[in-house]
Each structure stands twice: as structure tokens, then as C-alpha cells.
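Report on the structure given below.
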Amino acid sequence: MDITLDDVIEMLEDIQEDVDYESCTTLIDDHILDSFDILAIVSAADDEFDVSIPAKDIIPANFNSAQALCALIQRLASED
């Protein structure tokens, strides 16, 4: 399954609307996403992409931008 940035942005928009995921790189640092959003993202990634995000990868660097999250999901998907 090819997972694109657009797929990830679409998933993020279902969780939190009105965010410029294309250019924002401080989703966690600027508290745009909170811990509940992170849990929702982890769950949605599992549901939509069949990717389980391990606890060790739940760090701000992986969730600060849609691009970083997409890279994480792509990496995890390729490991399966």
C-alpha cells in the first residue's frame, strides 16, 4: 500500500480541522495537537493504514508535522 502525504493529511483533518498541515512543522511544540489528538492519530493510523505505532515512536519529532508523521507511517508500513 502506497501511503502518501495527502492520505496522512486527510487522516489528520478528520482529527483536527482548520490546521495548515501542508506547512506547519510545530504541531506539538505549539500545542496545536494535544495528547488526546496523538492517541486519536495512533488509532487512526492503525485503522486506516494497518500500522501500529509503538510507544518508542510516540515522540514530538514524529508528530510535529504531517511530513514527519507520513515518514513514520511509511517506515512502519514497510517493516511489516
Practice task
Output yes when any residue across the range 67-78 is assigned to a loop (DSSP other than H, G, I, E, B), surrounded by 12 or more Cβ atoms within 10 Å (Cβ to Cβ) and either touching a Lys or Arg at 6+ places or on another chain (Cβ under 6 Å) or at pLDDT 95 or above (or both), and no when none is.
Solution key: no
Handout entry: From the options Ile41, Ile32, residue that is of a type in the set (A, V, I, L, M) and buried (at least 18 other Cβ atoms within 10 Å of the Cβ)
Key = Ile41
Completion exercise
Filtering the range 8-43 for residues that are part of a helix (DSSP H, G or I), touching a residue at least 12 places away in the same chain (Cβ under 8 Å) and under 16 Å from Ala68 (Cα atoms) leaves a count of 8
Practice task
Those residues that are assigned to a helix (DSSP H, G or I) and either within 20 Å of Asp29 (Cα to Cα) or free of Cβ contacts under 8 Å to residues at least 24 places away in the same chain (or both), I need them from the range 47-63; list them, please.
Solution key: Asp47, Ala55, Lys56, Asp57, Pro60, Ala61, Asn62, Phe63
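The values are calculated or read from the model by the stated rules, or taken from the named source; none is laboratory data. Fair warning: this is a prediction, and the values are worked out from it, not measured in the lab. Cβ coordinates were reconstructed from backbone atoms using ideal geometry, including for glycine residues, and neighbour counts include every protein chain displayed.
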